[in-house]
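What follows is a short report on a single structure.
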């Protein structure tokens with residue numbers, strides 16, 4: 001599998017400053033001023049670093065070893081881990097919020113339920129989740145729409161969902177921005193294989 005942070009492809013979607021939608025979520029109080037946060041598909045750690053600077057304890061995960069290593073070199077106040085979103089190496093209920101700016105739309109349809117289950121497991125009940133799902137993956141229109149998101153996160157509370165154009169450093173990206181809260185109870189919480197668990201202190 002190609003490492004797009006090693007071959008330079010990441011420049012098409014990378015944003016070298018905090019995203020407007022994350023700034024808005026903090027600015028209007030939807031995300032509180034502190035807590036424990038998870039950046040899913042963190043890339044070079046811009047959003048994770050911004051959350052940390054705002055007072056959060058943050059972990060960032062990415063499947064790219066190059067991305068995780070570069071992010072750790074730039075942001076020493078964040079824990080970065082190479083990890084698979086379908087098998088998060090964290091204990092249950094250990095995060096107050098999660099953000100995803102570039103991961104969900106690359107998942108295969110049959111991987112999406114595991115992704116939502118894993119997020120629900122590591123988020124505390126009612127924890128906040130900010131999703132920015134692109135309508136294109138590798139430049140090609142995918143199947144992502146509001147119905148796909150609603151079906152994937154059935155049982156979650158979707159508080160806001162709207163199509164928008166958000167910036168990268170090189171272009172505007174067509175996305176669906178969604179704010180939601182994790183289920184209050186999750187029957188799969190604590191199940192599944194764990195190679196290791198990371199605890200935020």
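Read-outs: derived from the displayed coordinates by stated rules, not from any lab. Keep in mind it's a predicted model, so treat the numbers as computed, not measured. Every residue, glycine as well, gets a Cβ built from its backbone with ideal geometry; the counts of neighbours run over all protein chains shown.
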> How would you classify the stretch 56-169 from its alpha-carbon gyration tensor, with a ≥ b ≥ c the square roots of the eigenvalues: rounded for a/c under 1.5, else prolate if a/b is greater than b/c, otherwise oblate?
Replying inline: oblate
>> Run the helix sum for the chain: -39,500 (n - 2.57) per DSSP H stretch of 4+ residues, divided by residue count, reported at 222 nm to the nearest 500 deg cm²/dmol.
In response: -6500 deg cm²/dmol
> Tell me, 99, 140 in order of fewest to most beta-carbon neighbours within 10 Å?
Replying inline: 140, 99
> Given springs between every Cα pair under 10 Å in a Gaussian network model of the chain, which of 53, 120, 181 has the largest fluctuation?
Replying inline: 53
> Relative to the present Cα-Cα distance, how much length would full extension add between residue 169 and residue 28 at 0.36 nm per residue of separation?
Replying inline: 48.3 nm
>> Run the numbers for residue 162 and residue 77: contour at 0.36 nm per residue of separation, minus the present Cα-Cα distance, in nm.
In response: 27.4 nm
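Viscosity 1.306 mPa s, temperature 10 °C: what is the translational diffusion coefficient of the stretch 124-163 from Stokes-Einstein with a Kirkwood Rh over Cα pairs, rounded to a whole number of µm²/s?
Roughly 137 µm²/s, to the nearest whole number.
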> Can you put 161, 172, 180 in order, fewest other beta carbons within 10 Å first?
Replying inline: 172, 161, 180
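Throw me the Rg/Rh for the chain, computed over C-alpha atoms with Kirkwood Rh, two decimals.
Taking Rg over the Kirkwood Rh, I get 0.92.
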>> Under 4 °C and 1.567 mPa s, how fast does the stretch 9-90 diffuse according to Stokes-Einstein, given a Kirkwood radius computed over C-alpha pairs? Answer in µm²/s, whole number.
In response: 101
> Gap in Å between the Cα centre of the stretch 169-185 and the Cα centre of the stretch 37-75?
Replying inline: 17
>> At 7 Å along Cα-to-Cβ for each site, give me the label-to-label distance between residue 150 and residue 91 in nm.
In response: 3.8
>> Need the C-alpha centroid separation for the stretch 81-126 versus the stretch 20-35, integer Å.
In response: 20
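Please arrange 129, 160 by how many other C-beta atoms lie within 10 Å of their C-beta, fewest to most.
With the fewest neighbours first, 129, 160 line up as 160, 129.
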> By its C-alpha gyration tensor, with a ≥ b ≥ c as the square roots of the eigenvalues, how is the stretch 62-106 shaped: rounded for a/c under 1.5, else prolate for a/b larger than b/c, else oblate?
Replying inline: oblate
> Which residues does a label at residue 66 reach in the stretch 1-31, if reach means a backbone N under 16 Å from a point 7 Å past the Cα toward the Cβ?
Replying inline: 1-15
